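Structure first, then comments.
The values are calculated or read from the model by the stated rules, or taken from the named source; none is laboratory data. The structure presented is a predicted model; accordingly, all values stated were derived computationally and were not measured. So basically every Cβ, Gly included, is an ideal-geometry build from the backbone, and we count neighbours across all protein chains shown. Note: areas computed on protein heavy atoms with side chains; ligands, DNA, RNA excluded. Shrake-Rupley method; radii C 1.70, N 1.55, O 1.52, S 1.80 Å.
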Amino acid sequence: MIPQQVIEEVKARNELVAVVEQYVCLDKRSGSNFFGLCPFHTEKTPSFSVSPAKQIYYCFGCHKGGDVIHFIMEIEKLSYPQAIRMLAERAGVSIPEPDDEMYRKRSELNKQLYAINLEAARFFYHDLNSEAGKACRSYLKERALSTSTIRRFGLGYADDSWDGLYKHLLEKGFAEDILMRSGLFRRGKNNQIYDLFRDRLIFPIIDIIGRIVAFGGRVLDDGQPKYINSPETPVYTKGRHLFGLNLAKNSRAKTIVVVEGYMDAIALHQADVPNTVAALGTALTENQAQILRKFTESVIIAYDSDAAGQAAALRSMDILGAKGIKVTVLQVPGEKDPDDYIRRNGPERFHALLDKAMPLLDYKLLVARKNHTQDGELDILAYQDAACQILAQEHNAIVRELYSSKLAEELNTSTESVLREVERRFQNPDATQQSDQLRQRLQSRTAATTSADSANGDSATREELYLLCMLAADPALYDKLDPQPQQSDFSEGAMQDIAGYALELAAEKNLDTSVLVGLGEEHVVLGQPLPELLAQISMRLDVTFGHQDLLIAAKEQHQRQRIKRLREHHENLNNDLLNENDPDQREILKALLLDVNRQLIDLKQKSGEI
C-alpha cells in the first residue's frame with residue numbers, strides 16, 4: 001500500500017493542467033476552466049474540461065472524469081499504483097518501499113535490469129549509426145524504413161564482435177552477476193562470457209510504460225536462426241508483452257491490428273496504421289489477449305498468408321473471442337505478409353484492405369475450403385462436414401441460420417438441409433464437447449449472475465453526492481452545518497465508506513475536490529465509477545445550483561438526505577416488527593419506530609414539508 005500522504009504529495013506535485021497538456025491541446029474558453037478535444041473519444045467540438053482550481057477533469061461527451069491519477073490511468077492504461085508511481089517519477093517524489101527485504105531486493109534487481117536494457121539499447125543504436133552498422137543501414141533502406149521510423153522504434157545493430165556489449169556494460173559499472181541475469185549474455189564451455197546478439201538488427205521490446213524489457217535480433221542475410229529473442233528474465237516473461245503496444249496505445253483508433261513479426265508492425269506504423277502490435281510469437285497467448293482487451297473491443301488479425309500464418313490466425317481468433325473481443329481477419333492477396341504488400345503496392349492499397357477485413361466465420365469457412373481443395377478440386381463432402389462443424393460452434397442462432405443459407409448456396413443444396421445438420425450438431429455434440437459446453441454454460445450462468453448483482457455497484461442518492469462535492473468545494477462549509485453530517489447519514493456501502501474519510505478530512509479542513517475524487521477509487525455506484533461521478537458533479541456545481549448560496553444549498557441537501565435515510569430506516573423497522581413474534585422485541589421495535597417518527601417530523605418541519 002502506498003501511504004495516503006505520499007499519494008497526496010504526488011497529486012500536489014503534478015499540476016493537472018500541466019500533465020493533461022502533454023496529451024491534449026487546451027484552450028481557456030469558459031471562466032476558469034480549460035477545454036480541449038477529448039483524448040478518450042473522437043470528437044470535432046471540444047467537450048473535455050479541466051478545472052485548475054478543483055484539479056479535476058470531465059468530458060461532457062464520453063463522461064469520463066477524475067483527478068490527475070485517474071487521467072494517467074485512463075490515457076496510459078495503467079493500474080492505480082502504476083499511475084501513482086509514474087507521476088511520482090515525473091515529479092521526483094520518492095515512494096517508500098514495503099518493509100520487506102525480499103521485495104526490496106527484487107525491486108533493486110529490476111531497476112538495475114531496466115538500466116542495463118536501456119544502456120544496451122543506446123549501445124545498439126550507436127552501433128547502427130557507426131561504420132560497423134553500414135550493412136545494417138543498407139538492409140533497413142532496402143526495407144524502405146525511414147530515419148524517423150528507425151528512431152521511433154529505437155532500432156539498433158549488434159556488431160559481430162564476441163563481447164563488445166559485455167565489455168561496454170562492465171565499463172559502465174554494472175556487476176557481472178547482474179549482467180548475467182539480463183538475458184543478454186551466454187557463458188561458453190571455457191567459462192568465457194559472450195554476447196547473445198551478434199551481427200543482427202536489434203528490436204527493443206518496450207512495455208506499456210516505456211521500459212525496455214527485452215530484445216529481438218534478426219539476421220541480415222538468409223542465415224539461421226532468422227530471429228532470436230531474449231530469454232525470460234525477472235523483467236520479461238514471454239507471452240506477456242506485445243511489440244509496439246507502447247506506441248499503439250496512444251492511437252485513437254477503435255480497433256487494434258495484430259501482426260506476426262517486428263517488421264510487419266514497424267511497416268504498418270510507417271504506413272500510418274499506428275494502432276498495430278506484433279504478437280512476438282506464432283499465436284497470441286491468453287495473457288496477450290487479456291492485455292488487448294484493456295485497450296480495445298475489436299481486433300484485426302493480419303498474419304502471413306501462408307499455412308503457418310493461417311493456423312496461427314485461427315488459434316488467435318479463439319483466444320481473442322473467449323475474451324469477448326470482436327475479431328476480423330485481413331486477407332493479403334498474393335504476397336506473404338503485410339510488409340511485402342505495403343512495399344509493393346503502397347500504404348493506400350493496404351488501408352483499403354483493412355476496410356475489407358473478413359468476419360470470423362467467413363475466414364474460418366475460407367480456410368476450411370482451402371484445406372479441402374487439392375489440385376483445384378474441392379472435396380465437397382469433406383468441406384461440408386468441416387463447414388457444418390464450424391457453424392455448429394456458433395452460439396447465436398440467427399448467425400447460424402444466416403451462414404447456413406450461404407453454405408447451402410455454395411453446396412448447391414437447400415438451406416433447410418444445411419440448417420438441420422448444423423442444428424443437429426449444435427444440439428448433440430460428442431460427449432467431450434457436451435461436457436465442455438455444459439461446464440461453459442454453468443460458468444457463464446455464474447458469471448452472468450455475478451455481473452447482474454455487481455454491474456451497477458452500490459446505491460447512492462443525488463443529495464449525498466451533492467453534499468460531499470459541496471463540502472470538498474468549500475472547506476469552511478462543514479463547520480457551518482448544524483447538525484454536522486454523520487457517516488450514518490449516507491447510504492450503506494461505498495457512500496458510507498468514503499463519507500467516513502471525507503467527513504474526517506472536512507472537519508480538519510483537509511478535504512478538497514481532488515482528494516474526494518481519489519477517495520472514490522475502486523468504487524462503483526449507480527453503474528458508474530465513483531471518481532467519474534464525483535468529477536462530473538463537482539464540475540457542474542455552479543450550473544446546478546446557479547447563484548444559490550452554497551451553505552443554504554448544502555443544508556437543503558443534508559436535510560433531504562437525512563429524511564431519505566430515516567424513511568428507509570422506518571421501513572426496515574416496520575418490516576422487522578411485522579416479522580417479530582417475541583413481545584419484548586416488539587416493544588423495543590415500537591419504541592425505535594416512535595423515535596424515528598419523531599425525527600422525521602422534526603426534519604420535515606425544518607425543511608417545510610409540514
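Residues that are part of a helix (DSSP H, G or I), of a type outside the set (Phe, Trp, Tyr) and within 24 Å of Ile7 (Cβ to Cβ) within region 87-126 comprise Leu87, Ala88, Glu89, Arg90, Ala91, Arg104, Arg106, Ser107, Glu108, Asn110, Lys111, listed in sequence order. Applying a threshold of 9 Å to beta carbon distances and a minimum spacing of six or more residues, or different chains, the list of pairs starting in region 24-39 at a residue that is modelled with pLDDT under 75 and ending at one that is among the aromatic types (Phe, Trp, Tyr) reads Lys28/Phe34; Lys28/Phe35; Arg29/Phe35. Collect the residues in region 127-167 that are of a type in the set (Gly, Ala, Ser), within 26 Å of Met180 (Cα to Cα) and in a helix (DSSP H, G or I), keeping them in residue-number order. The answer is Ala132, Gly133, Gly164.
At least 2 residues being farther than 24 Å from Val213 by Cβ and within 20 Å of the chain's Cα centre (by Cα) is the threshold, and among the helices (runs of 4 or more DSSP H) wholly inside region 247-366 those reaching it are 307-322. How many residues, within region 138-162, are open to solvent by 90 Å² or more (accessible area, probe 1.4 Å) and under 22 Å from Ile206 (Cβ atoms)? Looking only at that region, the number is 3. Report whether or not Glu522 is modelled with pLDDT of 85 or more, surrounded by fewer than 17 Cβ atoms within 10 Å (Cβ to Cβ) and either closer than 20 Å to Ala460 by Cα or not small (Gly, Ala, Ser) (or both). Taking the combined requirement at face value, the residue does not satisfy it. Val235: touching a residue at least 12 places away in the same chain (Cβ under 8 Å), within 30 Å of His41 (Cα to Cα) and touching a strand residue (DSSP E or B) at 6+ places or on another chain (Cβ under 6 Å), yes or no? In short, no.
Taking region 559-575 as the range and being at pLDDT below 85, open to solvent by 80 Å² or more (accessible area, probe 1.4 Å) and in contact with a helix residue (DSSP H, G or I) (Cβ under 8 Å, 6 or more places away or on another chain) as the test, the residues that pass are Arg567, His569. Quick one: is Thr255 of a type in the set (Ser, Thr, Tyr), open to solvent by 20 Å² or more (accessible area, probe 1.4 Å) and at pLDDT below 85? So Thr255 does not fit the description; no. So if I check each of Glu522, Glu587, Glu556, Glu532, which one is out of contact with any helix residue (DSSP H, G or I) (no Cβ under 7 Å at 6 or more places or on another chain) and free of Cβ contacts under 8 Å to residues at least 12 places away in the same chain? That would be Glu587, the only listed residue that is out of contact with any helix residue (DSSP H, G or I) (no Cβ under 7 Å at 6 or more places or on another chain) and free of Cβ contacts under 8 Å to residues at least 12 places away in the same chain.
Hey, any hits in region 214-231 for a residue that's over 15 Å from the mean Cα position of the chain (by Cα), assigned to a loop (DSSP other than H, G, I, E, B), surrounded by 20 or more Cβ atoms within 10 Å (Cβ to Cβ) and not hydrophobic (A, V, I, L, M, F, W, C)? Yes, region 214-231 has at least one match. Please verify whether region 333-349 includes one or more residues that are open to solvent by 40 Å² or more (accessible area, probe 1.4 Å), touching a residue at least 40 places away in the same chain (Cβ under 8 Å) and not aromatic (Phe, Trp, Tyr). Yes, there is a match, as at least one residue in region 333-349 is open to solvent by 40 Å² or more (accessible area, probe 1.4 Å), touching a residue at least 40 places away in the same chain (Cβ under 8 Å) and not aromatic (Phe, Trp, Tyr). Residues of region 62-84 that are assigned to a loop (DSSP other than H, G, I, E, B) and either touching a residue at least 24 places away in the same chain (Cβ under 8 Å) or buried (at least 16 other Cβ atoms within 10 Å of the Cβ) (or both): Cys62, His63, Lys64, Asp67, Lys77, Leu78.
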